[in-house]
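What follows is a short report on a single structure.
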């Protein structure tokens, strides 16, 4: 098994590909794939055979085949979009690609054809300003779409895995706490719990997910910033450790990764403090083993690697890599 790190460099119209050493976290054998414009979100199908790239500056979605032996990307085709997508994810069967559009305030679903290409649009739903993320739950029945301010809500949908249709759930949206602005979210790997990073409120919220109705109920909100910090800050990405024991959220302004311990029984969070990073850590991710975290500094054009302590969940700085102007996404795969 080999590990590969992919970094979307929005300001230089390319995706960088590194081979990752699974023991040291070192990135090596740098390669790149040129694009028609600035890449944003990266998504892969459940079998990790295909990658989908939202090319924001040209309003396109590009489909690639992933070479399992080298991690390389072979271009399969593009489709035109009428707005630039800020997030994309496949459903749990790899049959549909779901996308969220921040500026257009909507979500779409495209069918993935037999060749792995995101092709025909099968659904479009207008939601509200600042739709920022879209993902399907483990049952492949429910879809959630967080919106930052002013909508300040997580929209809730029922997903038809046969047709790709999206229908508003019985409770169509769950409002965030005043001023929170939910942006991205992650599912607990072993519990019916969902966590959002709150962009405007610089906080994280934990929700119970009803597996029968698909409804969210918040049960905890914690700040991502240290006590006494009074500078400007917005949260961006959120990721949970594969073990489900630790959670991480990026702070843009404080320029850090907020670290949390996750209670094994309840899923409740306890702050572990913050780890300083490169300026403006918009994008970050963990490797599939949970041994390393990579945070991209949008303000510096550099990617910083950290080792994750398996007992405490805290981060140890390792190496910094130059990647280029405006890194927008980080994805690590084991092939």
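Quick note: the coordinates plus some simple rules give every number you see, no bench work behind them. These numbers were taken from a predicted model, which means no experiment stands behind them. Reconstructed Cβ throughout: ideal geometry from the backbone, glycine too, with neighbour counts over all protein chains shown.
Under the definition of Cα pairs under 8 Å and six or more residues apart, what whole-number percent is the relative contact order of the range 150-252?
Computed over the range 150-252, the figure is 21 percent.
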**Complete:** Per the range 252-335, sqrt(5λ) over the Cα gyration tensor eigenvalues, sorted largest first, in Å, gives 23, 15, 11
**GNM result for the chain, Cα springs below 10 Å: residue of 301, 214, 77 fluctuating most strongly** = 77
**Asked** Listing 188, 241 from the residue with the fewest other Cβ atoms within 10 Å to the one with the most, what is the order?
**Response** 188, 241
**Gain in span if fully extended, residue 126 to residue 31, counting 0.36 nm per residue against the direct Cα distance** = 30.4 nm
**Asked** So if we plug the beta-carbon distance of residue 170 and residue 316 into 1/(1 + (r/R0)^6) with R0 = 41 Å, what FRET efficiency do we get, rounded to 0.05?
**Response** 0.35
**Asked** Out of 302, 174, 30, any idea which swings most in a Gaussian network model of the chain, alpha carbons joined below 10 Å?
**Response** 30
**Item:** Proxy reagent accessibility, fewest Cβ within 10 Å first, across 312, 300
**Value:** 312, 300
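Using only the Cα atoms of the chain, what semi-axes does the equivalent ellipsoid have when each is the square root of 5 times a gyration tensor eigenvalue? Give whole Å, largest first.
Taking √(5λ) for each eigenvalue gives 26, 26, 18 Å, largest first.
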**Translational diffusion coefficient (Stokes-Einstein; Kirkwood radius from C-alpha pairs) of the range 74-197 at 10 °C, 1.306 mPa s, in µm²/s** = 108 µm²/s
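Please tell me the relative contact order of the range 174-216 in percent, rounded to the nearest whole number, where contacts are Cα pairs under 8 Å and at least six residues apart.
About 31 percent, as a whole number.
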**Asked** Based on the alpha-carbon gyration tensor of the range 38-145 and its eigenvalue square roots a ≥ b ≥ c, which shape applies: rounded if a/c is under 1.5, prolate if not and a/b is larger than b/c, or oblate?
**Response** oblate
**Request:** Rounded to the nearest 0.05, what FRET efficiency do residue 263 and residue 58 give with R0 = 41 Å and r taken as the Cβ-Cβ distance? Could you check?
**Result:** 0.35
**Fill in**
When 307, 95, 120, 162 are arranged by how many other beta-carbons sit within 10 Å of their Cβ, fewest first, they go 162, 120, 307, 95
**Message:** Can you tell me how the range 162-304 classifies by the Cα gyration tensor, rounded, prolate or oblate, using a/c under 1.5 as the rounded cut?
**Reply:** prolate
